[in-house]
Structure formats: structure tokens, C-alpha cells
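The structure under discussion appears below in the form of C-alpha cells.
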Amino acid sequence: MMGALQQRKLKHLFNVIDADKDGFLEESDFRTYVDNFSRLNGIELGSETHQHHMADTLAYWHGVRQAADQSRDDRVSRDEWLAFWSFIDDAVAAQAGQEPNLALEQLRQSGIAAAKIADTDGDGKITAEEYVRELIAYGQNVDVHSYFSRLDVNGDGYLTHDEVAQLTTDFILSNDPNAPGNYLFGPYL
């Protein structure tokens, strides 16, 4: 069962993704993110890289929609979003101690997939600048540099794909108010 902190973070993430602020997640929200991300990173719309990012992002969206859209109206409400993540949280807990924990591994892989998109130079590291552009693509207008320093626990100036996977796991699963992953998508309070 999700705790209050998890719910607060996931409501924040819903608001971050909901580009048109209509209270629903729809394919257009994910398309907007990819187009914004591409523009911020000098990726030509319609280019092979843009199309690749779009395909990956829409594959994620279609998976979420298929699992979360209980009303079958091709969009996900906030309540459906929270129910979906509650199901994921329960699945991870139910598989605790099992090797492999497939639900946890799927969550980690989604973090790695997101990291690969954010890692615009493909060096396996997400710099503060790449992180800032990622959050700006989502419409975050905060001092995202300060949040990067919270995420960069070892202080080496970048996040590896595995570190992003751990931060994603913390963001979704942790009820610890001090978990670094809480700030993966900017301020959630």
C-alpha cells in the first residue's frame, strides 16, 4: 500500500507529465514532452533521433495506458494513475526476496530507458545540463540545478544510468523523506 509521501510524489509526476494541464494523461502530453526535449537539445523534429525518442516514449505511454486506463477512454485520470502505481508498489512488495523481483526490475529498466534519452551525448552519464534540459522539457520552471546536487549523491558531477534507475526506484517506492530520488522530477511539495 502506498504511503502519503509516495502519493504526493506521484501526483506531482502526474502534473509534470500533464503538459496541457487538463487533468488527464494522453498521448499528446508525451508527444509534447518529446518535441520540447528535442528542441531544447537541438534535435530536428522528424529526424531519426527524434523519431527514436518518440517511439520509445510512446511505447512507455501505451504500456501505462493499457495498464492504467480502467475507463478505456484512451487517457489516464489522476485516480487511475495512482491506482496503477499502487498496483506496481504492491507487486514489488509481493515479490520482495524473490530473485529476480520482476516488478522491481521493470521499474529499474524504465529508469534506465529514461536515462538513455536524457543522456544526449550517449556517454553513459547525465550531466547537470542534460538533467536541466530534461526537466525544462517537462515544463519545470524551478532552480533544477539545486535538485541535481541532491540526486548526485556521490558528488561526481553526473548520474550514471544505473544511478538514475535507483533514483527512479526511490522516487516511486520510497516513503523516506530524505531519499535522494524524491527530487528526480523537481520539487514535489
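Bear in mind that the values in this text are calculations on the coordinates, not laboratory data. Bear in mind that the values here come from a model prediction, so they are computed numbers and not experimental data. As a convention, Cβ positions derive from the backbone with ideal geometry for all residues, glycine included, and neighbour counts pool all protein chains shown.
Cross-link reach is defined here as a Cα-Cα straight distance under 30 Å, omitting same-chain residues fewer than 8 places apart; for Lys125 the lysines meeting it are Lys9, Lys11, Lys116. With the cut-off at 1.5 for a/c, could you classify region 89-152 from its C-alpha gyration tensor as rounded, prolate or oblate? Here region 89-152 falls in the prolate category. Computed about the Cα centre, the dipole magnitude for the chain is approximately 400 debye when only Lys and Arg (+1) and Asp and Glu (-1) carry charge, each at its Cβ. Comparing Gly63, Phe148, Phe171 along the charge dipole axis of the chain, the residue lying farthest to the positive side is Phe171, per the Cβ-charge model.
In the chain, taking the dipole from charged Cβ atoms about the Cα centre, the farthest positive-side position among Gly46, Ala114, Leu13 is held by Leu13.
Using the Cα gyration tensor of the chain, with a ≥ b ≥ c the square roots of its eigenvalues, what is the shape: rounded (a/c below 1.5), prolate (a/b larger than b/c) or oblate (neither)? It comes out rounded by the Cα gyration axes. Relative contact order, whole percent, for region 1-105 stands at 26, derived from Cα pairs under 8 Å and 6 or more residues apart. Per residue, the average separation of C-alpha pairs within less than 8 Å and at least 6 apart gives the chain a relative contact order of 27 percent.
Rounded to the nearest 500, the 222 nm mean residue ellipticity of the chain from helices alone is -19500 deg cm²/dmol, with -39,500 (n - 2.57) taken per DSSP H run of at least 4 residues.
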